[in-house]
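See structure below.
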Amino acid sequence: MNERADMHVHSTFSDGKGRIEDNIAAAEALGLTALGCVDHVRVSTDWVPEYVAAVARLRGETAVQLRCGIEAKLLDTSGALDLPDGIEGVDAIYAADHQVPLPEGPTHPREVRERIEGGDLTAEAVIDAILTSTARALDRPERVVIAHFASILPKLGLSEDDLPEDGLDRLAAEAARTGQEIEISERWNCPSAATLRPFLRHGVPILFSTDSHRSETIGRYEHCLAVRRELQA
Ligand SMILES: [Zn+2]
Ligand SMILES: [Zn+2]
């Protein structure tokens, strides 16, 4: 939980407004020691080699430690991710709940909310699917970061209070076993200290992230600092 790092920042390779160079300059101006370059990919993305090369080249021009990350959505309860082929050179995959990873595949949160309200799906089953998908996504050779975990819950009419303690403990244990990481997201104001406590207990590294889409917000924290205070109290 290091506020001198921002481990999730987007660039013009996907939907960020700043170039990687601009993001590095912002990180340098704030005195950050590490920057997670992260851009959105999907199965059809073809620019990953170019992106890896760009980050590698910029490492030679800054003292800020650069991570070359890509962000992909969780697809289903197998833990599959929406990734292209050919991601050699990528340092970390950020696994994100952009849709609800149900057994049958990624489902729009609005549809899931309607199905919960209509009694076709239970909140417990949806939360179990999210926990199962996330846990299974961790078991792969690459470094995986659990990105803005639980950010989808409010869109479903749910909250982190609905996450079962035993389910969170199993996910945290799996993150520890597989050597993976979780972030606190300044952009999404999640996860909460209560959600992160099992991860802390299992020794899972917890990263500070802004999920910035413009250089001005890089490395500026309120939620992350508040969560850290609560965890350390
Ligand atoms: Zn995301
Ligand atoms: Zn992101």
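Brief remarks on what is shown
- So Y51, is it within 16 Å of ligand 2 (Cβ to nearest atom) and closer than 28 Å to K155 by Cβ: no
- Of the residues making up the stretch 125-139, those that are touching a residue at least 60 places away in the same chain (Cβ under 8 Å) and open to solvent by 30 Å² or more (accessible area, probe 1.4 Å) number 1.
- Here T122 passes the criteria (1) within 19 Å of the chain's Cα centre (by Cα); (2) of a type in the set (V, I, T); (3) open to solvent by 50 Å² or more (accessible area, probe 1.4 Å) except the one numbered (1).
- Once the stretch 100-109 is narrowed to residues that are open to solvent by 50 Å² or more (accessible area, probe 1.4 Å) and not in a strand (DSSP E or B), the residue that is nearest to ligand 1 (Cβ to nearest atom) is H108.
- Residue in the stretch 168-175 that is open to solvent by less than 40 Å² (accessible area, probe 1.4 Å), at negative phi, touching a helix residue (DSSP H, G or I) at 6+ places or on another chain (Cβ under 6 Å) and within 15 Å of ligand 2 (Cβ to nearest atom) present: no
- Here L83 clears all of (1) open to solvent by less than 10 Å² (accessible area, probe 1.4 Å); (2) within 16 Å of ligand 2 (Cβ to nearest atom) except the condition numbered (1).
- Given (1) outside any helix (DSSP H, G or I); (2) farther than 28 Å from A5 by Cα; (3) of a type outside the set (F, W, Y), number of the condition R113 does not satisfy: (1)
- Residue that is least open to solvent (accessible area, probe 1.4 Å) [pool: residues in the stretch 141-160 that are more than 22 Å from S209 (Cα to Cα) and in contact with a helix residue (DSSP H, G or I) (Cβ under 8 Å, 6 or more places away or on another chain)]: L156
- Counted residues, the stretch 68-80 - those being within 16 Å of ligand 1 (Cβ to nearest atom) and either in contact with a Pro (Cβ under 7 Å, 6 or more places away or on another chain) or open to solvent by 30 Å² or more (accessible area, probe 1.4 Å) (or both): 3
- Failed condition for G89, given (1) within 16 Å of ligand 2 (Cβ to nearest atom); (2) open to solvent by less than 60 Å² (accessible area, probe 1.4 Å): (1)
The values are calculated or read from the model by the stated rules, or taken from the named source; none is laboratory data. As the structure is a computational prediction, the values presented were derived from the model and not from experiment. Positions of Cβ are backbone-derived with ideal geometry, glycine not excepted, and every protein chain shown enters the neighbour counts. These accessible areas exclude ligands, DNA and RNA; they are computed on the full protein's heavy atoms, side chains included. Shrake-Rupley method; radii C 1.70, N 1.55, O 1.52, S 1.80 Å.
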